[in-house]
1. Net charge near S226, counting Lys/Arg +1 and Asp/Glu -1 over other residues with Cβ under 14 Å of its Cβ?
2. Taking H placed 1.01 Å from N in the peptide plane, check which residues at least 5 places from A97 or on another chain put their amide H under 5 Å from its amide H.
3. Using Cα-Cα distances under 8 Å and only pairs 6 or more residues apart, what relative contact order does the chain have, in percent?
4. Under 10 Å, Cα contacts only: if you run a Gaussian network model on the chain, which one of E269, E313, E369 comes out with the highest mean-square fluctuation?
5. Between the helical axis of 287-297 and the dominant principal axis of the chain, each derived from Cα atoms, what acute angle in degrees is found, rounded to the nearest 10?
6. Can you give me the % of accessible surface on the chain that is carbon or sulfur? Probe 1.4 Å, all protein chains present, nothing else counted.
7. Given only helices, namely DSSP H runs of n ≥ 4 each adding -39500 (n - 2.57), what is the per-residue ellipticity at 222 nm of the chain, to the nearest 500 deg cm²/dmol?
8. Remind me, relative contact order of segment 243-341 in percent, using alpha carbon pairs under 8 angstrom and six or more residues apart?
Amino acid sequence: MTTTPNKAAAPSVDAPVAEAPAKPAPSAPPKTERPYSPGLEGVIAAETAVGYVDGANGRLLYRGYPIGQLVEKGTYGRVAELLWTGEWRKSAKLVPAPVPDPVMCALHELPRHTHPMDALRTAVSVWGAWRRPHWPPTVDQARELTAFAPSALAAFHRLRQGLEPVAPNPKLSLAGGFLQQLTGVDPDPANARALDAYFIVGAEHGLNASTFTCRVIISTRSDLASAICGAIGALKGPLHGGAPAEVVSQLHEIGSPDHAERWVREAIERGDRIMGFGHRVYRAYDPRAAALRKVAEGMSDMAEWLDVAVKVEDVVLRVFGELKPDRVIKTNVEYYAAAVLQGVGLPPDLFPPTFALARMAGWGAHAIEQASADKLIRPDARYVGPAEMDVPALGH
Ligand code: CMC
């Protein structure tokens, strides 16, 4: 056997140790020149044709179409198909599907105090165990998951109140069917349309934390159910999908616009986050907030709440301009999402999972796109721990 001159042969464990080699002095890990961006801010981690978030100019496009126009001219079913297939078709629609039996059994078993976000994640997980969707994810898988998820969430909401779930009315839209399965009666068409608009607005938003999570999981050639479970977990955090419920309690706490200035100043000085404001990407007004504000303004029951919300928003933006002049902090989607979700009668703890129902379309589209790129996502970390050292002997 020949050995290459520069490569030392691996020492055999059985070979007698002739002379202990000089021990290298513990050294700090080598410094890397590669840039580190905390929170991956500004890092391009994927190429996508699904959506474009133009943070500087406050624009959001789904496959090239502006969000405002999609809300005016589209339905969630059409928008979901657009995201999955790239096609804008009149015939495209999504109707609410019944909850599969294994999923319903699991929902029955959940404790009533289960957070609805956990119930939704469980429903997706059981669906995955039952259907065993294989990698690569497909449009059919995304469609099936998106169509039954609202029914599963509504069923859990009824079960936790001691009510029996109701079957979906297939004549309704996905959003309308969700409301019908929550209450047991067909919804006011205006509310169904308002929630459909919310679903459109929430459907896709580039490489946000939950979509990134979904893409990371798919990049390992894992299945769609696992990826969506991970995405739901990421969306559950208050900095991502948990904000609108807190917008409601925040406005409740402020009470009247006259108290807003003091409340906001004190909150910012304490280092608290004001929910419904600020964004990683937008440095202009979030176009989704503008679209949902318009929807909320059309909801008669929300007039009084909106009046307070708009006045408080003005104060918050002014105070941010004064106290955080170096960071452009504007209203984000969650501020007016809170108005629409309340207006259609949802309790605040259903806000985050309802956001997840809307985002199913975007998650599915990104999962399909990621699988076609078929590249494992595996970034690197900068090591800042101790230099190499011997493990101290602890005795027996
Ligand atoms: N309230 C108070 N301070 C804020 C806020 C806020 N809402 N947003 C940003 N800041 C400040 C933050 O304190 C920091 O100040 P400093 O540099 O003095 O420490 C600076 O702005 C930068 O904040 P950051 O957390 O480094 O910036 P980010 O890009 O990571 O933050 C965010 C994005 C959404 C996490 C943040 O704006 C936030 O916590 N907002 C409140 C929660 C919220 O409304 N979330 C919904 C986001 S929209 C839904 C979605 O698209 O996922």
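1. Here the charged neighbours net out to +4.
2. Answer set, sorted by chain and number: F148, S151.
3. Taking the mean separation of contacting Cα pairs over the length of the chain, I get 23 percent.
4. Largest GNM mean-square fluctuation: E269.
5. Roughly 30 degrees, rounded to the nearest 10.
6. 55 percent
7. That comes out to -16500 deg cm²/dmol.
8. Working: 109 pairs, mean separation 45.2, N = 99.
RCO, segment 243-341: 46 percent.
The values are calculated or read from the model by the stated rules, or taken from the named source; none is laboratory data. Bear in mind that the values here come from a model prediction, so they are computed numbers and not experimental data. Reconstructed Cβ throughout: ideal geometry from the backbone, glycine too, with neighbour counts over all protein chains shown. When the accessible area is computed, the model is the full protein with side chains, heavy atoms only, and any ligands, DNA or RNA have been set aside. Shrake-Rupley method; radii C 1.70, N 1.55, O 1.52, S 1.80 Å.
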